[in-house]
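Notes to accompany the following structure.
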Amino acid sequence: MLSRERLRAGGDELRAALQQRGVEPEAYDRWTELDVERRGILVTAEDLKRQRNEASKDIGKKKSQGEDASEAIAAVGQLKQGIAEAEAALVTVDEELEAFELSVPNIAHASVPQGASEEDNQEQRLVGKPPEFDFEPKAHWDLGPELGVLDFERGAKLAGARFTATIGWGARMERALANFMLDLHTGEHGYTEVNPPLLVNSESMTASGQLPKFAEDAFRVEQHGYYLIPTSEVPLANLHRDEVIEEADLPLRYTAWTPCFRSEAGSYGKDVRGLIRQHQFHKVELVQYTHPDQSFAALEDLTSQACKVLDLLELPYRVMTLCTGDMGFAAAKTYDLEVWLPGQNAYREISSCSNCEDFQARRGGLRFRPDGGGKPQFLHTLNGSGLAVGRTLVAVLENYQQADGSVVVPEVLRPYMGGASKLGAL
């Protein structure tokens, strides 16, 4: 969340930055009014407490001198009532202030392009060339079932729409992709692998920025109050919640391969075919805790680490800088990696890499103690997909398909596939 000091600073620049992220001026004006009201209540409460303390001393003095203290006692009772009313008013104001603060997205970094939608995103670089086929390439929703590696009908039978079963070599390749990604990130990129809980509490969801904004997108276990994780960013970004980390221990880098669960509220009618938008999918996540001075350099590194997966799989892709209107709620700057899918004749997102600056750290009490001592400071958090495993499976199937309906296994993946070089016809 944004600090109250930053919100109080106000000014046209902040108002414009908030509006670029979808915050209406009226909502911010209301926060400003409440903040002024809150400070007024605090002054009133402190004054009443001062009067109460003085009156209490006067009561003690009168009693010690054998004088009648009934009027002073009645006055103290009125002061206590006034204090209770002020404290109740403060609770009400604080609740409204906090509700606004938790609903406000992060402010975009100065380098982020302004825009309203994905149409305003900027291409940074194009890597690799889309493959040329001497036949009409198939989309994975046709190719997968024909190969017997994707079963949409049985997935829907088991759970419902937007659930899919990967079968046989499809399941093997999905596991192979995840293991390949984890080995790369832990072995070459310095991440520590974590196997986190798939159920988290509301504090974890709130600290990472999922609540209250994305409550409709979450799967909640009502009888226990837990949430199925929408991404392993949530548990990884909460590992050190309410802790103080030594500066010398930064940066911390964590990776996890987990199922992810999203209700995709409001997305019905979009990507209804195939694996692109599922209620359950697998993803390898990258999360970093960094010093504030190093977070934007870390964002470039994290993005290159996600790109390395695509480079080694020899999949064509592009890197996009998201505009202010298309960034995620907690992000200050985001790069999207979009892989080429021949069956759809389009680039599709396969990773988002974001610097959240201190936005999540403030919500989760993530701080570091500077070298040499001093007051603990909020650190910066970053996250990115390294990669979305199901979408990577889609990209391999579509880019490596052959005229006979088979799919060549990428060279780097073969050791994880028991040496198999091709799926389907030989």
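The values are calculated or read from the model by the stated rules, or taken from the named source; none is laboratory data. Please read these numbers as outputs of a predicted model, since none were measured by experiment. All Cβ positions, even for glycine, are placed from backbone atoms using ideal geometry, and neighbour counts span all protein chains on display. Surface areas here come from the heavy atoms of the whole protein model, side chains and all, with no ligands, DNA or RNA. Shrake-Rupley method; radii C 1.70, N 1.55, O 1.52, S 1.80 Å.
In the set Ala298, Ala256, Ala331, Ala248, only one residue is farther than 17 Å from Arg348 by Cα, of a type in the set (Gly, Ala, Ser) and open to solvent by 60 Å² or more (accessible area, probe 1.4 Å); that residue is Ala248. Taking the criterion of being more than 21 Å from the chain's Cα centre (by Cα) and among the acidic types (Asp, Glu), the only residue of segment 352-377 that qualifies is Asp371.
Residue-wise test of (1) among the hydrophobic types (A, V, I, L, M, F, W, C); (2) out of contact with any Asp or Glu (no Cβ under 9 Å at 6 or more places or on another chain).
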site	(1), (2)
Leu315	yes, yes
Arg318	no, no
Gly374	no, yes
His380	no, no
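The number of residues in segment 306-351 that are over 22 Å from the mean Cα position of the chain (by Cα) and part of a loop (DSSP other than H, G, I, E, B) comes to 7.
Got a sec? Which of Ala45, Ala55 is open to solvent by less than 60 Å² (accessible area, probe 1.4 Å), assigned to a helix (DSSP H, G or I), touching a residue at least 24 places away in the same chain (Cβ under 8 Å) and under 30 Å from Arg4 (Cβ atoms)?
Details: Ala55 fails: under 30 Å from Arg4 (Cβ atoms).
Sole residue among the options that is open to solvent by less than 60 Å² (accessible area, probe 1.4 Å), assigned to a helix (DSSP H, G or I), touching a residue at least 24 places away in the same chain (Cβ under 8 Å) and under 30 Å from Arg4 (Cβ atoms): Ala45.
When Glu146 is tested against (1) open to solvent by 70 Å² or more (accessible area, probe 1.4 Å); (2) part of a loop (DSSP other than H, G, I, E, B), exactly one condition is not met: (2). Do we have His189 as in a helix (DSSP H, G or I) and modelled with pLDDT of 95 or more here? No: the conditions fail for His189.
Residue under question is Trp169, and the condition is that it be surrounded by 14 or more Cβ atoms within 10 Å (Cβ to Cβ), touching a Leu at 6+ places or on another chain (Cβ under 6 Å) and over 30 Å from Leu211 (Cα atoms); does it hold? So Trp169 passes the test. Those residues that are surrounded by fewer than 21 Cβ atoms within 10 Å (Cβ to Cβ) and within 20 Å of Asn179 (Cβ to Cβ), I need them from segment 308-328; list them, please. Passing the criteria: Lys308, Asp311, Leu312, Glu314. Per the listing Val76, Val112, Val93, the residue uniquely modelled with pLDDT of 95 or more and either assigned to a helix (DSSP H, G or I) or acidic (Asp, Glu) (or both) is Val93. Only one of the numbered conditions (1) under 21 Å from Thr392 (Cα atoms); (2) in contact with a Leu (Cβ under 9 Å, 6 or more places away or on another chain); (3) at pLDDT 95 or above; (4) outside any helix (DSSP H, G or I) is not met by Arg241, and that is (1). Taking every residue in segment 274-292 that is over 24 Å from Glu246 (Cα atoms) and pairing it with any residue that is aromatic (Phe, Trp, Tyr) and part of a strand (DSSP E or B), at least 6 positions away or on another chain, the pairs with Cβ-Cβ distances below 6 Å are Gln280/Phe261; Val284/Trp257.
Just a yes or no: is a residue in segment 97-112 aromatic (Phe, Trp, Tyr) and either within 30 Å of Asp35 (Cα to Cα) or free of Cβ contacts under 8 Å to residues at least 12 places away in the same chain (or both)? The answer is yes, given that some residue of segment 97-112 is aromatic (Phe, Trp, Tyr) and either within 30 Å of Asp35 (Cα to Cα) or free of Cβ contacts under 8 Å to residues at least 12 places away in the same chain (or both).
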